[in-house]
Amino acid sequence: MSQRHEPSAWSSEAGPQIEELPSPSHGGSPDPAGGVGDAAAASTSTLPTGLSRQGRPRYGEGALISCDNLVKIFKVADLEVVALQGLDLLVNAGEMIAIVGASGSGKSTLMNILGGLEVPSAGRAVVAGFELTSIGRRERTRYRRRVVGFVWQQTARNLLPYLSAVENVEMPMILDGRRKTRARATELLGLVGLPDRLEHRPERLSGGEQQRVAIAVALANEPKVVLADEPTGELDSGTSLEVFALLRRINEQLGTTIVTVTHDPVVSEQVQRTVAIRDGRTSTETLRRTELGDDGDHRAISEEFAVLDRAGRLQLPKQHIAALELQHRVRLRLEDDHVGVWPDKDGAKAGSGTAGSGTAGEGDDR
């Protein structure tokens, strides 16, 4: 199978101040905050519930996972650390996606919020109808037991060392008040390829086998979503591919939605959609598909897109910014089928004393 990479689809960066060149009028005038005029805004009152001004469903309508302008701020002593800065993300039921990003980019914080382990500081996160910003303690516990399953990188977080494999798989069901747990636990261990390891404790299992048991534990209560945080981080490359192939098979056979965080580019390339996070926001999405070539061979095609959030912000890749020496402000021109972006060299010289040294779109990958 050959692989072809199509050109990336990019637009402008939210960071710089934007000076627009003259363009044709499209009717209606935006307000200074980027909204619509009073007449247009008033027209929304006659729309059916759930529809936007253009007649499209509202953001997140129909998605299993919806993150809307998600913000998370941690306080460390007298300092505030912003882990998520208005992140948007949609995941449909039955999808299997990978989330990638530099260390500290916010991907683990996102996973903890989706898992009900942390509460966002602002914004909205909805999973399977559960509003994670407002549910109470009892409902949050029920959410963690029934709606999401977890697979962590560290096996100590996945399995209890003093229980056998089958007992570990039974535990979530017992805590949820279920009966006849042994039959389902045995079935799940067979599903993950360990029918002959039921009575083995974790210390007698290999790293790959421990992660297989952890996947069975995550599936015990039939969750709608499995969250896997670096599930292959402590495994060799061969075992990593086997474990990830198991996750793909579960996604296909059971229809379970799977969201995985990974640093491994080989692993991230095995899903149809990879979401990259940079500076606490989704920055790009890579979509993959196969097509039949003229020679009769199937080819894998990867296409990378910049993510346009609901505020109209985009993150340009750093290599684009460096190549064009974009700083502080950029010029935009609306063409028939694209937007042109140019550096404001004259403005950069005139404002060099006050613009500072920050480069548009760059950050510390926090």
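The values are calculated or read from the model by the stated rules, or taken from the named source; none is laboratory data. Since the structure is predicted, the reported quantities are computational estimates derived from the model, not experimental observations. Here the Cβ is made from the backbone with ideal geometry for all residues, glycine too, and neighbour counts use every protein chain on show.
Could you tell me which of the residues V151, V166 is assigned to a helix (DSSP H, G or I), in contact with a Leu (Cβ under 8 Å, 6 or more places away or on another chain), in contact (Cβ under 8 Å) with a residue 24 or more places away in the chain and not basic (K, R)?
Being assigned to a helix (DSSP H, G or I), in contact with a Leu (Cβ under 8 Å, 6 or more places away or on another chain), in contact (Cβ under 8 Å) with a residue 24 or more places away in the chain and not basic (K, R) holds for just one of V151, V166, which is V166.
Within the range 340-353, which residues are at pLDDT 85 or above and either part of a loop (DSSP other than H, G, I, E, B) or buried (at least 18 other Cβ atoms within 10 Å of the Cβ) (or both)?
V341, P343
Name the single residue, out of those in the range 154-184 being of a type outside the set (V, I, T), buried (at least 18 other Cβ atoms within 10 Å of the Cβ) and within 30 Å of the chain's Cα centre (by Cα), that is modelled with the lowest pLDDT.
Top of the filtered list is N158.
Among the residues in the range 229-239, are any assigned to a strand (DSSP E or B) and either within 30 Å of M171 (Cβ to Cβ) or of a type in the set (S, T, Y) (or both)?
yes
Residue by residue through the range 62-119, note down the ones that are touching a helix residue (DSSP H, G or I) at 6+ places or on another chain (Cβ under 8 Å), farther than 30 Å from Q253 by Cα and buried (at least 22 other Cβ atoms within 10 Å of the Cβ).
L70, K72, A83, L84, L87, listed by residue number.
For the range 284-307, name all the residues that are surrounded by 14 or more Cβ atoms within 10 Å (Cβ to Cβ) and either out of contact with any strand residue (DSSP E or B) (no Cβ under 7 Å at 6 or more places or on another chain) or basic (K, R) (or both).
If the condition is that a residue be surrounded by 14 or more Cβ atoms within 10 Å (Cβ to Cβ) and either out of contact with any strand residue (DSSP E or B) (no Cβ under 7 Å at 6 or more places or on another chain) or basic (K, R) (or both), then R288, R299 are the ones that fit.
For the range 240-260, which residues satisfy the criterion of being surrounded by fewer than 22 Cβ atoms within 10 Å (Cβ to Cβ) and outside any helix (DSSP H, G or I)?
G255, T256
Given the residues V271, V267, which is the only one that is part of a loop (DSSP other than H, G, I, E, B), within 19 Å of E95 (Cβ to Cβ) and either of a type in the set (S, T, Y) or in contact (Cβ under 8 Å) with a residue 24 or more places away in the chain (or both)?
V271
Please name all residue pairs, on different chains or six or more residues apart, with Cβ atoms under 8 Å, provided the first residue is in the range 284-296 and is basic (K, R) and the second residue is assigned to a loop (DSSP other than H, G, I, E, B).
Sorted first by the residue in the range 284-296, then by its partner, the pairs are R288/E269; R288/V271; R288/Q272; R289/Q272.
Being among the acidic types (D, E) and in contact with a His (Cβ under 8 Å, 6 or more places away or on another chain) is true for just one of D336, D309, D344. Which residue is that?
D344
Tell me, which strands (runs of 3 or more DSSP E) lie completely within the range 78-138 with 2 or more residues that are within 17 Å of A63 (Cβ to Cβ) and more than 14 Å from the chain's Cα centre (by Cα)?
Output list reads 122-127.
Could you list all residues from the range 92-110 that are under 17 Å from V71 (Cβ atoms) and among the aliphatic types (A, V, I, L, M)?
Listed by number, the list holds a single entry, L110.
One residue is enough: does the range 113-122 have a residue meeting the conditions in contact (Cβ under 8 Å) with a residue 40 or more places away in the chain, more than 27 Å from R288 (Cα to Cα) and of a type in the set (S, T, N, Q)?
Yes.
If I ask for residues that are at pLDDT below 80 and basic (K, R), which ones from the range 269-321 would you list?
The answer is R299, R310.
Do you know which residues across the range 169-205 are at negative phi, touching a residue at least 24 places away in the same chain (Cβ under 8 Å) and part of a loop (DSSP other than H, G, I, E, B)?
D176, R178, V192, L194, R197, L198, E199, H200, R201, L205
For the range 195-209, state whether one or more residues are among the hydrophobic types (A, V, I, L, M, F, W, C), surrounded by 18 or more Cβ atoms within 10 Å (Cβ to Cβ) and in contact with a Lys or Arg (Cβ under 7 Å, 6 or more places away or on another chain).
Looking for residues that are among the hydrophobic types (A, V, I, L, M, F, W, C), surrounded by 18 or more Cβ atoms within 10 Å (Cβ to Cβ) and in contact with a Lys or Arg (Cβ under 7 Å, 6 or more places away or on another chain), one finds at least one in the range 195-209, hence yes.
Confirm whether E230 is modelled with pLDDT under 95 and surrounded by 15 or more Cβ atoms within 10 Å (Cβ to Cβ).
So E230 fits the description; yes.
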